[in-house]
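Student: Below is a structure I'd like to ask you about.
The values are calculated or read from the model by the stated rules, or taken from the named source; none is laboratory data. Predicted, not measured: the structure shown is a model, and the values here were computed from it. With ideal geometry, Cβ positions are generated from the backbone for all residues, glycine too; neighbour counts draw on all protein chains shown. Each accessible area value is taken on the protein alone, full model and side chains, heavy atoms only, with ligands, DNA and RNA left out. Shrake-Rupley method; radii C 1.70, N 1.55, O 1.52, S 1.80 Å.
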Amino acid sequence: MAYYWDQYFNPILQGVLLIFTIVAMFMLILNRWQDWRIKRNQLREAEVAAK
């Protein structure tokens, strides 16, 4: 049973964890980038409104 577990389930589990980690990092980076873009647009609108 343990041999079966190591041979078949562990690589799948590791692959799933790897994909999940990559997706989580990508979502975090995308979220930060969108926040930065929104802030930049707000600053630009404020500058236009001030003129």
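Student: Inspect segment 41-51 for any residue being out of contact with any Gly (no Cβ under 6 Å at 6 or more places or on another chain), charged (D, E, K, R) and not in a helix (DSSP H, G or I) and give the result as yes or no.
Tutor: Pass one, segment 41-51, residues out of contact with any Gly (no Cβ under 6 Å at 6 or more places or on another chain): 41-51.
With charged (D, E, K, R) added as a condition, the list becomes 44-45, 47, 51.
Next cut, not in a helix (DSSP H, G or I) only: 51.
Taking every residue of segment 41-51 in turn, at least one turns out to be out of contact with any Gly (no Cβ under 6 Å at 6 or more places or on another chain), charged (D, E, K, R) and not in a helix (DSSP H, G or I).
Student: Go over the candidates L43, L13 one by one and state the one that is open to solvent by 80 Å² or more (accessible area, probe 1.4 Å) and modelled with pLDDT under 95. Outline the logic, then answer.
Tutor: Numbers: L13 fails: open to solvent by 80 Å² or more (accessible area, probe 1.4 Å).
That would be L43, the only listed residue that is open to solvent by 80 Å² or more (accessible area, probe 1.4 Å) and modelled with pLDDT under 95.
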